[in-house]
Each structure stands twice: as C-alpha cells, then as structure tokens.
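Colleague: Below you will find the structure I want to go over with you.
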4 protein chains.
Amino acid sequence: MANSRFEYVKSFEQPDVLLPNTWIVVRIDGRGFHKLSDHYAFKKPNDRRALDLMNAAAVEVMKDLPDLCIAYGVSDEFSFVFHPSCQLFERRNGKLVTTIVSTFTAHYIYKWSEYFPERPLLPPYLPSFDGRAVIYPNNRILRDYMSWRQVDCHINNLYNTTFWTMVLQGGMSNTDAEQELKGTVSADKNEILFKRFGINYNNELEIYKKGTVLYRQYKLEEAKPTKSPADEESPVEAKQSRSQQDKIRKLRRKAQVVIDHVDIIKDEFWEKRPWILSGTPGKLPA
Amino acid sequence: MANSRFEYVKSFEQPDVLLPNTWIVVRIDGRGFHKLSDHYAFKKPNDRRALDLMNAAAVEVMKDLPDLCIAYGVSDEFSFVFHPSCQLFERRNGKLVTTIVSTFTAHYIYKWSEYFPERPLLPPYLPSFDGRAVIYPNNRILRDYMSWRQVDCHINNLYNTTFWTMVLQGGMSNTDAEQELKGTVSADKNEILFKRFGINYNNELEIYKKGTVLYRQYKLEEAKPTKSPADEESPVEAKQSRSQQDKIRKLRRKAQVVIDHVDIIKDEFWEKRPWILSGTPGKLPA
Amino acid sequence: MANSRFEYVKSFEQPDVLLPNTWIVVRIDGRGFHKLSDHYAFKKPNDRRALDLMNAAAVEVMKDLPDLCIAYGVSDEFSFVFHPSCQLFERRNGKLVTTIVSTFTAHYIYKWSEYFPERPLLPPYLPSFDGRAVIYPNNRILRDYMSWRQVDCHINNLYNTTFWTMVLQGGMSNTDAEQELKGTVSADKNEILFKRFGINYNNELEIYKKGTVLYRQYKLEEAKPTKSPADEESPVEAKQSRSQQDKIRKLRRKAQVVIDHVDIIKDEFWEKRPWILSGTPGKLPA
Amino acid sequence: MANSRFEYVKSFEQPDVLLPNTWIVVRIDGRGFHKLSDHYAFKKPNDRRALDLMNAAAVEVMKDLPDLCIAYGVSDEFSFVFHPSCQLFERRNGKLVTTIVSTFTAHYIYKWSEYFPERPLLPPYLPSFDGRAVIYPNNRILRDYMSWRQVDCHINNLYNTTFWTMVLQGGMSNTDAEQELKGTVSADKNEILFKRFGINYNNELEIYKKGTVLYRQYKLEEAKPTKSPADEESPVEAKQSRSQQDKIRKLRRKAQVVIDHVDIIKDEFWEKRPWILSGTPGKLPA
C-alpha cells in the first residue's frame, strides 16, 4: 500500500531460489541443547520424553506442510525433505527454512508442558533451533544423506550408551570413561556393555538405535528392485501445474503421518514405499 | 564423531556468508496473521495486547543477542539490525535469520498466555514467523530502510484507523468503506476521521502511529550534527579482535533494552543516540 | 608474498563454487555481433567462414580443457559442457566461465585473418564474447538443454533462410518480408522456399540446419537402449582422486576432437557415444 | 523466437546481480603467464613492452566501457573499477566480468604483434585471462583495495629487482639468490642493490615501482581535504535515470583516458581528481 521515496531499499533484497528439480533438505538443530538438557535434567544417554517431544513437533510440521515427503530425526536435530518437484514458496531458500524452523519451535514450546509437566519452561532457558537448506541433485545422493544421518545416530548412540553405562552403572568418572573409550571400535564398545554390564546393545530401543523417520502412510507395495534407486523422475512430471499441485497436496493431507524407527539405509524401506521418492501419493490403506 | 562413506554429502552445503562491513537487517513477518488475528479476535484496527506481545518477544531477542543494536516493529513484523562490525556466527545468513526467527517464536508462544489469558492457543492456529536477511552498504541506506518501515507504519495505520472507524462506528460495510477510501490521500482520511467522527488522528497512541523502536539505553548525548549520517565507521575499527568483541558484548548486556515509540526518520533520534550507528557502547545512565 | 594492513580487503571475495555432481554448461555469446556482422559483411543468412571460425576457436577450447566432454555451437553462440564429476578449478563459477570466454576470444581473434584474409580486424570492431554458467541436475535435463539449442538453431535457420531468400532473390524489402512471415509456421516457410524459389529446405547444408557439435572421438558403440538416458552415474564414481582425474585427462587429450553436424535430440547420438554422458573415456578408434 | 518444450531449461539460470550502491572491482589475471613469459622471452624482472601491451589493452577496455572510472595494473593483472551508481548490464556479475575479460583478451591478442613484432604468437602459447568481481561497500574500503594492489606491486618489484640483479649481474644461481633473500626486509634489499650493484632503487622507473593507473582526464581540482575519503555519495544521486546515465556516459567518452604511474595510496591523488570517487564527470581540460 505504502509508496515512499524510501522504497528503493527493497532493491537490496537478493533472490535465493533453490535450483529446480533437486531434493531440498532442511535440517534444524537445537541451539545450546547441551546446557539446556542439563538445566531441565534430561536423562542420559537418551531421554525418551525429549525425543517424543521432538517427534511430536516434527509431525506437526509434516502436517502443516504437505509438500514434505519424509523427515528424519535424531537427538536434537531433524531433517525435513522436499521432493524435486516441490514449488512451495517458489523454492525460496529463506522462506522454506524459516517457516520450518518457526513452525517446529512453536509446536515444541507449545507441547513442552505435555511432555515435561513437572519441569516448566523458564527463560532464559527457552529452547530454540537454527536451520539450513541443502539441495541434492538425485535420488542416490538424497538417500546417501539420509544414510549419513542414520549412521551418525548409530555411532553416537553406541558411544553414549557405553559411556553413560560406564559412568552411571560403573561408577567411573566422565574423564576416565572418555579416556578408556578413546580409539575403540564398535566391537569394543559392544563387549564393554556385554561383559561388564550384561547389556546386549541389540536389545536397546529402536528409537535410540535407529532414530525416527516420519512419512505419510499409503498402502505398502511389493518391492520392485527393477528401478535403480538413482533413477530420476522425468522433469516433465516434475513440472506440475498449480492445480495439479493443489490436488496432490490434498491427497497428501489425507494420509496419516507415521512415526517409525527402522533402517532407511537399505533398499527395502524405499522400495516398499515408492511414493516417497516418486513424489506421487500412493493408495490410502484400507 | 561419525565417519562414514556417506559423509561426502556435506560437500553439497553451500556457504552463505554476508558481505563484510555492511548493515544486516533481519526482518521477520507473521505467517497467516490475517486469519490468525480473526481466530483469536484481535481488536481492529490495532490490538494493543498483540503489539505488546510482539514487543516483549522482540526485547527477549535483543537480550539474547547483544550484537543487535536496534530493532523496529510494526503490526506483525519486526526488523532486527546488526552493525557492520558484527561477526556473530561468522555472518552466516541462514544461521542469523533462523536463530532470530526461532528465538522470537519461542518467546511469542511462551508469553502468549500472559497477554491473552482468556484466549489460549489452539493448534492448528499456532503463530509462526518467516524471515529474511538483507544487507545495506552504509548508514544512509540503513536509515532509509528504517524510515521506509516507519512511513509504511504511518500510511497503513492512517488507512486502517479510518477504514475501521467507518465500519465500526460509521456502520458501513467493508466494501463500501474500501470503495470510498480508494484514491484518497492522507488529508482526505484525516478529514473523514475528524468531520464525521470527531477523531483527531494526531491524538491516536504513538505506538500505533510510530510503531516500536527497541535499543539499548545509554546516556543521551548532545546532538552533534557535524558528522554526516552517511559517515562510515572505518573498517579498522570494524575489525575487532575476538576479545574486543566479547568485551563489547558484555557492555551491551549491561544496558537496558528500552521500548520507544518515536520518530526515527529525522536526524535527532540518531544524533542523540550515537552508539547505535557507531556500534560502540555509550556510558550507562546514572 | 605481500603482507600489508590492506589485505583484509580479500575477505570481501565471495565463494562461487557450483553444486557438486551436476552438469555445468558454459554458454558464450558474441557481443554486438549484429553490428559486427554488418561491418565485416558476413553473408546472409549464413556465413560459412564465420561459422568455421567459431568452430575452430571452440575446438581449441576443447583441446585446452580436456575436462570438457561436449560442445554445441550455432550462430555466434557456443555451449561448453563439463561432466558432473568435473573438479576443474574446484568448480568455481567465475574461473570456469572466464577461462572459457578468454580462451575462445583469444583463438577467435588469432585465427580471424585465416578465415577472413581480405577483411582485417579493425578496432573498435573487435569481436568479443560474454558468457554464463548454468548447472543441470541430471542427464535428462542436460539433454533437454542441448535439444533446446538445436531446436532453436532449426527454427532460426528456417526463418532466416526464408527471409533472406525473399529479400535477396525475391527482391522484397526487409519490412515486407518480415510482415509476410509474421505468424507463419514451419510448413508455410518450407512452401514459400519451394514454390517461389524452387528451394528444398532439406537440401540446405547440415551445418546450417543442425548447428555444430564437438566431442572427443572414441570407437562408436552399439546402441544399448537399456539404460535410461536419465540414469545418474553414481556419485562414488564421480568422486575421483586427483591422480585418477589426471589419468582421465591424459586419455582425453589423446582423443581427436571432431566437428559434427548431426541430430543430438534423438537417443541414437548419445547411445552410440556413451562416453559423453558417462564421463569415462572410450576406446580410441583403430 | 523459438518456443519448444525444452525451454523450461532456462529456469535453471540463476540470478547474479551484485548488491546495489557498492563499488565493483573486476580483477583479471594472466593464465599461466609464468610459462608464457618464458616462452616469449619476456625480460626479467620487468618487460617494458609486455607492460605497455597490458596497459594498451586496458585503455581499450576503459574506452569501450565508459562506466569504468578507474583501473590499476601491475604485472599480468589489471583491476577495473565501476562506481556504486553503475547500472551497466543491471549489475549482473557474470556479464560484467566476462565482457571485461573478453574485451581485454581481444585487444591483447590483436595488439601483440605491435609490441612484440619479432615474436609472433604461436598456439598453444596463446595468452588468456581469468577474472572475478568483488564488491566493496564504501570509498574507504575501495581505496584500501587499490592500496593493497599498489603495496603488492612495490613489495614484489623490490624483491624481483633484487633477485634478478643478483642472478643476472651478480652471477648467482636462482636458488642461492632465493636463499639469501629469505627473511630480508625492504631495507636489506635496498642495501644489497646499492652496496653490491650501485643501484639506487628509487631511480627505477615509476611504471615498475608504482604500477599503472588509468582514469579519465578532467581539469585537476584544488585538494579539498574537508570531505572524508570515506564519505558516501548519497544513494539518491546514485539512483540516476536511464537518460541521465546515457548523458554521463557521453561526457565520459569525451574525456581522454590517461596512463599514469603515481601514488594512489595517499589522499592527494584522490582529492585532485574528485570525479573518480564521486562518479560525476569533471570539466574537460582546456
């Protein structure tokens, strides 16, 4: 509405549209969650309620933005993935990232008291998150990104589980435990857990070992390994009209967002749920 | 800690460092606040509690990030300004914007019940914000940016005040009021308010007419108009060591963040508060 | 070597690395070639020597930069293509584009007198070129880019051939010819050429109708249409070590750069020359 | 003219407009000039004809692009400077850089035989250049950039002069000379030159010691040191209409481009030629 001699300052805004036909991953991270988790006494090595709260906030983000096709969370981070055909906000980097960061934060704060009723939020210890967008040119690399995060989850969780068991059950000091774990490989940690504490790491909860994957639930399909996971959807499909996009958005809203803790590194997960990489909604389950 | 064959995906992250020695403005905007303000029954044309909540959240952002030197808010938007010498997060665009958006959102949600005790938040109507960073190469253009927002505030508020008075007090339909206001200038709207409703626009609250400016309070200085407002600080000053930056941050934390509703277009505001453009903390008031 | 208090200005240089694992196309265009072609009396609608000069300069660029895997030229423009696995100059946009523009210009000026011996260059009419880099995320889109340029070549050449035949052989004014051609489709232009001037457009030279494609010559392979043209090479292959890159560069230097005027829209061209999309040198012809 | 289903590939082109109201410096560098200068037997430490050729090509670039307000050259590099008010090519980075690189290359190749009549160019030893654009937010930093290049020129030339005198006149091996110079400061090198070879470095040619500065010649003005060198032109001046820009371009074309070898670090150079920083053409000399 306004129109003044100062409006030229708008010309300093610079475009930040992400390359078309590429996967967009928005990863958010808790700011200063180390200190925060101490303050609110999160359990070590994993606090189930804190993870459930992360997942609950992420589900709301998925519901709010039907363009999202999958998300993966571990610890205080979450990765949200838009399909190469996504046109939301004309693919503007800043708009996509800040919308996700803000929506996630809003739900996280709003739901806090539900998950931590006995530990009310108190400024200045108010949780917040930063975020970034990264684009990936094809399915293979997108899957490698997802695998990277899940491998990270595994490595960190095995370390943390061993470390905190040594400290909390073994009575070691933090320094001593850290020192002993330096240079160990997975087998060593598994052995420490089993031999000293009778813990079989395989029996730990899947949510801790695998992290959390969120996606919309359609009818599972038979694995058809014919198509290489690196296959690109054709850019023609990708160029949907606005009305097609709206239609697809509606179909996606109808699907339930599920919370899963499964392997996303192997092909099986993706082959049974072809709608994730194709970007085309599947059939709703009966 | 982790180290896997998937880590190459990190190489797809692209740098987004903002040009050194330029002003950084991060402006955030409420998402879908038109619908939201209907849902929570914000008063028209201005809801004082909603503005106070915006300002309270912005004050927390200023406290959390001492690198911020001034902020300006109107309606459901807020502009936060970093000095050209700012080195926070190595001036990474995404990090600066998402941190502000998330911190603001967290406080806004957290404080909501304090300002709207009788209207609890209820998803899916959860407030959220998007944001962007824009850089400006010198003081003159930064001030033109601030002036742009304040002129915008004035123009919009005069329109909204007239429109809603015609509707709420004058009993006109939205369409009729809109129609009559089409093509009018400020003088016309002032006259409508005064002649028909006995309202002198000048007597409206400053917070509505001028918006809100936040800054750290030091001892006011005598206006010294010798230095042109376009004067650049030398880049040598700007290149502070890390310890200098930490020292300045501490000094800034000591200053109180004040909420003001004054003209920021004319020179006076800036000449009396030279610490804002210079980036050097002033003397604390007695 | 130098080290002064002014060196901080280097910090204003901003990174411009192109996204990994994407095709890089550098397209250069003649600056003011309309005027230039008048000045040096290029023949209408096509000047064979001018095209041969463009192609000769482009061949030198291909020889100078073995990382280039294909190039396509039409009129006063040329597109040079780097494979997704290319690491030349760490994929810095500016470095890649200016190197190609400068190398091309140098050879174009140097070879001019060989192609236009009777029309020596004379400033200020010195040919120059501008350029840009664009990245494409997969094979399908890279091929669509190449098709786009070849379709453009066809459409422009049919128009120009008809227009200049009407003017030069038909004695029409430029304006009249332009007017008559407005709104015509390909069939109309073919008919004008054939009925009025006895010209069968199909008999025009391939270099005019198809433009010019440059690539390194290896032993042609049997077309194997099993692999979809959109197949991505795996990023693992793409991540070659420096010594592998050097070895591949040597192999490429050994291959002859050929000048061809063939259809690059259909699959056949690409299937017989799989080394172009794969980025792996083929077998040298016997 | 063309319009095909492939045209969507244009959407992959990304904008690269440089921030408004900032200085634009395009610096070009010779590619592989170390090897090239050996091949064409450039004289050590400085080859006057090679520098004159660089300067002659740069003058042509200045003439071709009246928007350029100053240029500085040393060795095989040249920096071309556009004023903050420059709107050429809508300030598109790629367009500005490639135009300068190509125009420079064209003139360099074209004029080569004039400066090196006895050493004709011979591929593959064809000179070429790469380039980059950097933006600077104010006058002070632009001047620091120019100072940086001139200090670099001085330091390199003193080193090279001493080194080559030790080798060519002193009969030392390259390695011995290099070894002896390691860790020396300016005074040491001056002493070596003077004591061993009777050379007073101050008497060396200005073109070697100071490099080359190019600018348009108007009537010199009395130095008025009142205005700080960091003063920003107001952005209002900067926002010229297209017709104003054309008028200024014409005035600039009328001014002669001069080749100078003077100090550009101190204020004097800039104060006497205020048109360079102001961007407003001065009065033509009588």
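To keep it simple, each residue is scored yes or no on (1) open to solvent by less than 10 Å² (accessible area, probe 1.4 Å); (2) over 29 Å from C:TYR136 (Cα atoms); (3) not in a loop (DSSP other than H, G, I, E, B).
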{"site": "A:GLY94", "(1), (2), (3)": "no, no, yes"}
{"site": "A:THR98", "(1), (2), (3)": "yes, no, yes"}
{"site": "A:PHE104", "(1), (2), (3)": "yes, yes, yes"}
{"site": "A:SER113", "(1), (2), (3)": "no, yes, yes"}
{"site": "A:ARG119", "(1), (2), (3)": "no, yes, no"}
{"site": "A:ARG132", "(1), (2), (3)": "no, no, yes"}
{"site": "A:SER147", "(1), (2), (3)": "yes, no, yes"}
{"site": "A:VAL151", "(1), (2), (3)": "no, yes, yes"}
{"site": "A:ILE155", "(1), (2), (3)": "no, yes, yes"}
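Colleague: With respect to D:LEU65, is the statement that it is aliphatic (A, V, I, L, M) and touching a helix residue (DSSP H, G or I) at 6+ places or on another chain (Cβ under 8 Å) true? Please lay out each step first, then the result.
Modeller: Details: aliphatic (A, V, I, L, M): yes; touching a helix residue (DSSP H, G or I) at 6+ places or on another chain (Cβ under 8 Å): yes.
It is true that D:LEU65 is aliphatic (A, V, I, L, M) and touching a helix residue (DSSP H, G or I) at 6+ places or on another chain (Cβ under 8 Å).
Colleague: Output the residues belonging to the stretch D:39-89 that are in a helix (DSSP H, G or I), away from chain C (no Cβ under 13 Å) and either in contact with a Cys (Cβ under 9 Å, 6 or more places away or on another chain) or open to solvent by 20 Å² or more (accessible area, probe 1.4 Å) (or both).
Modeller: If we filter the stretch D:39-89 for residues that are in a helix (DSSP H, G or I), which is where we start, we get D:39, D:48-64, D:88-89.
From the residues that got through so far, the ones that are away from chain C (no Cβ under 13 Å) too are D:39, D:48-55, D:58.
Within the stretch D:39-89, D:HIS39, D:ARG48, D:ARG49, D:LEU51, D:ASP52 meet the criteria.
Colleague: Mind checking whether some residue in the stretch A:170-189 is among the hydrophobic types (A, V, I, L, M, F, W, C), touching a Leu at 6+ places or on another chain (Cβ under 9 Å), open to solvent by less than 50 Å² (accessible area, probe 1.4 Å) and modelled with pLDDT of 95 or more?
Modeller: Step one: filter the stretch A:170-189 for residues among the hydrophobic types (A, V, I, L, M, F, W, C), giving A:172, A:177, A:181, A:185, A:187.
Subsequent filtering for residues that are touching a Leu at 6+ places or on another chain (Cβ under 9 Å) retains none.
No - not one qualifying residue is present in the stretch A:170-189.
Colleague: Only residues that are of a type in the set (Ser, Thr, Tyr) and in a strand (DSSP E or B): list them for the stretch C:134-145, please. First the steps, then the outcome.
Modeller: First, pick out the residues of the stretch C:134-145 that are of a type in the set (Ser, Thr, Tyr): C:136, C:145.
Residue satisfying the conditions is C:TYR136 alone.
Colleague: Every residue in the stretch B:38-65 that is touching a residue at least 24 places away in the same chain (Cβ under 8 Å) and of a type outside the set (A, V, I, L, M), please. So that I can check it myself, show each step before the final result.
Modeller: From the stretch B:38-65, those touching a residue at least 24 places away in the same chain (Cβ under 8 Å) are B:39-41, B:44-46, B:48-65; that's our starting set.
Correct list: B:HIS39, B:TYR40, B:LYS44, B:PRO45, B:ASN46, B:ARG48, B:ARG49, B:ASP52, B:ASN55, B:GLU60, B:LYS63, B:ASP64.
Colleague: Taking the stretch D:1-38 on its own, how many of its residues are within 11 Å of another protein chain (Cβ to nearest Cβ) and either acidic (Asp, Glu) or in a helix (DSSP H, G or I) (or both)?
Modeller: Residues in the stretch D:1-38 being within 11 Å of another protein chain (Cβ to nearest Cβ) and either acidic (Asp, Glu) or in a helix (DSSP H, G or I) (or both): 9 in total.
Colleague: Related question: Looking at the stretch B:123-150, I want the residues that are within 7 Å of chain A (Cβ to nearest Cβ) and have a partner that is among the small types (Gly, Ala, Ser) and open to solvent by 10 Å² or more (accessible area, probe 1.4 Å) with Cβ atoms under 6 Å, at least 6 apart or on another chain. Which pairs are those?
Modeller: B:PHE129/B:GLY30; B:ARG132/A:GLY94
To keep it simple, each residue is scored yes or no on (1) among the aliphatic types (A, V, I, L, M); (2) in contact with an Asp or Glu (Cβ under 8 Å, 6 or more places away or on another chain).
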site: A:GLU7; (1), (2): no, no
site: A:GLY30; (1), (2): no, yes
site: A:HIS39; (1), (2): no, no
site: A:PHE42; (1), (2): no, no
site: A:PRO45; (1), (2): no, no
site: A:ALA71; (1), (2): yes, no
site: A:ASP76; (1), (2): no, yes
site: A:SER102; (1), (2): no, yes
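Colleague: Could you check the stretch B:266-284 and list, in sequence order, the residues that are open to solvent by less than 60 Å² (accessible area, probe 1.4 Å), more than 16 Å from B:ASN138 (Cα to Cα) and not in a helix (DSSP H, G or I)?
Modeller: B:ARG273, B:PRO281, B:GLY282
Colleague: If you take the residues in the stretch A:1-38 that are of a type in the set (A, V, I, L, M) and open to solvent by 60 Å² or more (accessible area, probe 1.4 Å), which one is farthest from A:PHE89 (Cα to Cα)? Before the answer, list the steps.
Modeller: Of the residues in the stretch A:1-38, the ones of a type in the set (A, V, I, L, M) are A:1-2, A:9, A:17-19, A:24-26, A:28, A:36.
If we keep only those that are open to solvent by 60 Å² or more (accessible area, probe 1.4 Å) too, we end up with A:1, A:17.
Numbers: A:MET1: 22, A:VAL17: 9 Å.
Restricting to residues being of a type in the set (A, V, I, L, M) and open to solvent by 60 Å² or more (accessible area, probe 1.4 Å), the top hit is A:MET1.
Colleague: Output the number of the condition that D:ILE199 fails; it satisfies all remaining conditions of (1) under 30 Å from D:ALA56 (Cβ atoms); (2) over 23 Å from the mean Cα position of the chain (by Cα); (3) open to solvent by 40 Å² or more (accessible area, probe 1.4 Å).
Modeller: (3)
Colleague: Of all residues in the stretch B:164-203 being aromatic (Phe, Trp, Tyr) and touching a residue at least 24 places away in the same chain (Cβ under 8 Å), which is nearest to B:LYS44 (Cα to Cα)? Spell out the reasoning first.
Modeller: Taking the stretch B:164-203 as the starting set, the residues that turn out to be aromatic (Phe, Trp, Tyr) are B:164, B:194, B:197, B:201.
From what is left, the residues that are touching a residue at least 24 places away in the same chain (Cβ under 8 Å) are B:164, B:197, B:201.
On the way: B:TRP164: 7, B:PHE197: 16, B:TYR201: 16 Å.
Top of the filtered list is B:TRP164.
Colleague: Another one. Conditions first: (1) over 23 Å from C:VAL134 (Cα atoms); (2) modelled with pLDDT of 95 or more; (3) within 11 Å of another protein chain (Cβ to nearest Cβ). D:GLY94 passes all but one, so which condition is the exception?
Modeller: Among (1) over 23 Å from C:VAL134 (Cα atoms); (2) modelled with pLDDT of 95 or more; (3) within 11 Å of another protein chain (Cβ to nearest Cβ), the lone unmet condition for D:GLY94 is (1).
The values are calculated or read from the model by the stated rules, or taken from the named source; none is laboratory data. No experiment lies behind these values; they were computed from the predicted model shown. Methodologically, a virtual Cβ is constructed for each residue, glycine included, from the backbone with ideal geometry; neighbour enumeration extends over all protein chains shown. These area figures cover heavy atoms from the full protein model, side chains too; ligands, DNA and RNA do not enter into them. Shrake-Rupley method; radii C 1.70, N 1.55, O 1.52, S 1.80 Å.
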